[in-house]
1. Sort out the exposed loop GluC sites (Glu not before Pro) in the chain (DSSP loop, at most 12 other Cβ within 10 Å) and tell me the longest stretch that has none.
2. On a 0 to 90 degree scale, rounded to 10, what angle separates helix 411-423 from the longest Cα axis of the chain?
3. For K173, list the aspartates and glutamates whose Cα falls under 14 Å from its own Cα; do not include residues on the same chain fewer than 8 positions away.
4. Could you work out the mean projected area of the convex hull around the alpha carbons of region 319-376, in square nanometres to one decimal?
5. Mind listing the Cα extents of the chain along all three principal axes, in Å, largest one first?
6. Which trypsin sites (Lys or Arg not before Pro) from region 228-298 combine a DSSP loop assignment with at most 11 other Cβ atoms within 10 Å?
7. Mind putting together the pair-distance distribution for region 323-443? All Cα pairs, 10 Å bins, whole percent per bin, short to long.
8. What are the radius of gyration and Dmax of region 258-339, computed over its Cα atoms and given in Å?
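The values are calculated or read from the model by the stated rules, or taken from the named source; none is laboratory data. On a predicted model such as this, the values are computed, not experimentally measured, just so you know. With ideal geometry, Cβ positions are generated from the backbone for all residues, glycine too; neighbour counts draw on all protein chains shown. SASA here: full protein model, heavy atoms, side chains in, ligands and nucleic acids out. Shrake-Rupley method; radii C 1.70, N 1.55, O 1.52, S 1.80 Å.
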Amino acid sequence: MSGDAAEPEVLDLAAVGIGPFNLSLSALADEVDGLSFAAFDRRPAYDWHPGLMFDWASLQVGFLADLVSLIRPTSPWSFLNYLVEHDRMYPFYIAERFHVPRREYADYCAWAAARLPGCRFGASVDEVRWDAARDLWELTVRDTGTGRTAVHAARNLVLGVGTEPALPPALAKAAEVAGDRVFHSGEHLNRVDGLTAAGVRDVTVVGSGQSGAEVFLDLLRRQREAGWAVTWLTRSWGFAPLDYSKLVLEYTTPAYMRYFNGLEPAVRDRLITSQWQLYKGIDTETIDLIHDELYDHLLDGDRPPVTLLPATALLDARVADGTVRLTTAHADTGSRAERTTGAVVAATGYAGRRPDCIAPVEKLISWDDKGRYDVTAGHRVRTVPEVSAGLFVQNAELHTHGAAAPDLGIGAYRGALILNAVAGRDVFRVPRRTAFQTFGQPS
């Protein structure tokens, strides 16, 4: 009997990060016979936007945009099966909810993440290298509890590290000085009680997407108890809604995604800028709730002031004497103003990030002229010719696939494409007709 250690298993597919999209990939991979798969995440357990987990907030897409249903509705990892497992199917049926509470969706994802055999939490991928002799990716994975490291080899790698909170330069500098008074909206529920305890009398929300609207609404609802004035400003022309009309929603389908990927990069960038209401607006239900709250504010008559400032850009933010002094400019008139506030919640969105772990292989990856991944229609990142090992991305291809890239409704479809490519066969049937419209000139 040989005393040599067994050769470590080579994974067919390794995933870095376990957000909703790599979780979807994990759920679909669980059904692929013979596939060696693992997903790694440095966090101890699954957690999804805890700083914005308002009790009253709903998911902006229907429950069918779960981990699997748009590709494999019979999967045991579907939202409907989650309801069955929790004995909530009949209450859900009677409730007639298509848009489920956000906290319920988060609990559903945590339920799947805790049970899927491929998900490994407390495992930080610190470094990715390429083994030229074997044409494999090598992942150095650190156990965040013990500090021990292990090297895992994989034929294919998918990056699903998501995005990170983005602060404009002026607010980033202010946050460095007064992080308890200037912070990103993703930290809102973790920080808002501290504002109350500190006796803050005036709070300003910057940014008019869904997160900004929800933070503003939450601050309004706390106003009677906290006694603060609330200001909401945005550089956009108005506090505009998401466009959820049916034919416009077809711009988040695979059909449009394929068309978009075939366009010239300059055209794609122009379209993304013009299509912001597909993914950056406010859902109409939240707008209605805000207006109801403002009307109640009007009736009360004794609440601190509330100010809404559209077309107002933030130019500078300075921290002095326990306050934040903002310099703003009006987009239409060009006039400038100085405003003083006790705290700023920056609902200024999220930006794609290049994970530190891929630094050793950056020169093997094809980047566009703006430093973004060069991604094929199948979500594979182009690499130098000598690398045949597959590299894929999830939610890092807004610039190559359009507004569908961050949409939960595309998660199962994208996961199926990746798994079909890894398996070298059609393990999953992907839908062929997803839109009534013909994008581009008919052939």
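1. The answer is 97-385.
2. Roughly 20 degrees, rounded to the nearest 10.
3. In chain and number order, the partners are D316.
4. Projected over every direction and averaged, the Cα hull of region 319-376 covers 8.1 nm².
5. Sorted from largest, the Cα extents of the chain read 83, 49, 46 Å.
6. none
7. Reading the bins upward from 0: 9, 28, 25, 18, 13, 6, 0.
8. My reading of the Cα-based Rg and Dmax gives 19.1, 57 Å.
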